[in-house]
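Only one structure is covered here, and it is reproduced in the block below.
The values are calculated or read from the model by the stated rules, or taken from the named source; none is laboratory data. As the structure is a computational prediction, the values presented were derived from the model and not from experiment. No Cβ is skipped: glycine too gets one built from the backbone with ideal geometry, and neighbour counts run over all protein chains shown.
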Amino acid sequence: MSKKQHSMTIGALAKAAGMGVETIRYYQRRGLVAEPEKPYGSIRHYDDQALARLHFIRTAQWLGFSLDEIGGLLTLQDGTHCDEARVLGEQKLASVRAKISSLRRIERALDGLVQECCAQRGNVECPLITSLQDGLENSAFT
C-alpha cells in the first residue's frame, strides 16, 4: 500500500513546517530546498518530501548545525554515508562541548563578580563594572 503524497502551496508548506514563506524561499536560494516547476498559468506545489526536508533542516539547526553544515548533511541524506555523517556529528559534538566549557568559565566569572558586588559596602567602585572596564583577563574570576 503506497502512501498518498500531499500537494501543498508554499503557504500551506510553511504552515505545516511551522516557518515563514520567506524562510523557505531563503532555503531555496541557498540550495537546501528544491523549487518545484511552475506549470504555465498555475502555482508551484510542494510534496511531503519538501516538508520532510524542512523538518530535517529545522532539527539540524536545533542541534547547532549551520546552514552550510546542513547542506553537507543533506548530501549524505540517502543513509549510505554513515561514516561521513558520524564525522560531522563528532565535529559538532566537540564544538558544543567547547562552548559548554566556555559557558562554564563565564558562569564562574559572573558568579564571582556578582558575589563580590553583594559583599561590597559603602561608597566603593562596583566590582562588576570595574572588571568590565579593565577587562576580565585581569580579573581574579577567570
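Please enumerate the residues belonging to the range 99-121 that are in a helix (DSSP H, G or I), over 30 Å from the mean Cα position of the chain (by Cα) and not small (Gly, Ala, Ser). Steps first, please.
As a first pass, look at the range 99-121 and keep what is in a helix (DSSP H, G or I): 99-119.
Those left that are additionally over 30 Å from the mean Cα position of the chain (by Cα): 112-119.
Passing the criteria: Leu113, Val114, Gln115, Glu116, Cys117, Cys118.
Just to be sure, is Tyr46 free of Cβ contacts under 8 Å to residues at least 40 places away in the same chain, hydroxyl-bearing (Ser, Thr, Tyr) and surrounded by 12 or more Cβ atoms within 10 Å (Cβ to Cβ)? Before the answer, list the steps.
On the way: free of Cβ contacts under 8 Å to residues at least 40 places away in the same chain: yes; hydroxyl-bearing (Ser, Thr, Tyr): yes; surrounded by 12 or more Cβ atoms within 10 Å (Cβ to Cβ): yes.
Yes, satisfied.
Would you pick out the residues in the range 41-65 that are in a loop (DSSP other than H, G, I, E, B) and either under 18 Å from the mean Cα position of the chain (by Cα) or within 16 Å of Leu76 (Cα to Cα) (or both)?
The initial filter retains those residues of the range 41-65 that are in a loop (DSSP other than H, G, I, E, B), namely 41-45, 47, 63-65.
Hits for the range 41-65 are Leu63, Gly64, Phe65.
Quick one: is Arg25 surrounded by 11 or more Cβ atoms within 10 Å (Cβ to Cβ) and modelled with pLDDT of 95 or more? Don't jump to the end; show me each part of the working.
Numbers: surrounded by 11 or more Cβ atoms within 10 Å (Cβ to Cβ): yes; modelled with pLDDT of 95 or more: yes.
Criteria met by Arg25.
When you check Leu51 against the structure, is it outside the structural domain of Ile24 (by TED's automatic domain parsing) and either modelled with pLDDT of 90 or more or among the polar types (S, T, N, Q) (or both), yes or no? Please lay out each step first, then the result.
Working: outside the structural domain of Ile24 (by TED's automatic domain parsing): no; either modelled with pLDDT of 90 or more or among the polar types (S, T, N, Q) (or both): yes.
No: the conditions fail for Leu51.
Suppose the filter is under 17 Å from Leu74 (Cβ atoms) and assigned to a loop (DSSP other than H, G, I, E, B); does Gly31 pass it? Walk me through how you get there before you give the answer.
On the way: under 17 Å from Leu74 (Cβ atoms): yes; assigned to a loop (DSSP other than H, G, I, E, B): yes.
Yes, satisfied.
Looking only at the range 49-75, how many residues end up being small (Gly, Ala, Ser) and surrounded by fewer than 13 Cβ atoms within 10 Å (Cβ to Cβ)?
Filtering the range 49-75 for residues small (Gly, Ala, Ser) gives 50, 52, 60, 64, 66, 71-72.
So of that shortlist, the ones also surrounded by fewer than 13 Cβ atoms within 10 Å (Cβ to Cβ) come out as 52, 64, 66.
Residues flagged as small (Gly, Ala, Ser) and surrounded by fewer than 13 Cβ atoms within 10 Å (Cβ to Cβ) within the range 49-75 amount to 3.
Does any residue of the range 79-95 turn out to be among the basic types (Lys, Arg), touching a Phe, Trp or Tyr at 6+ places or on another chain (Cβ under 9 Å) and either in a helix (DSSP H, G or I) or in contact (Cβ under 8 Å) with a residue 40 or more places away in the chain (or both)?
Start the filter on the range 79-95 by keeping residues that are among the basic types (Lys, Arg), which leaves 86, 92.
Still in the running and touching a Phe, Trp or Tyr at 6+ places or on another chain (Cβ under 9 Å): 92.
Going one step further and asking which of them are either in a helix (DSSP H, G or I) or in contact (Cβ under 8 Å) with a residue 40 or more places away in the chain (or both), we end up with 92.
Yes, that holds for at least one residue.
Mind checking which residues of the range 98-116 are exposed (fewer than 11 other Cβ atoms within 10 Å of the Cβ), hydrophobic (A, V, I, L, M, F, W, C) and closer than 24 Å to Cys126 by Cβ?
Leu103
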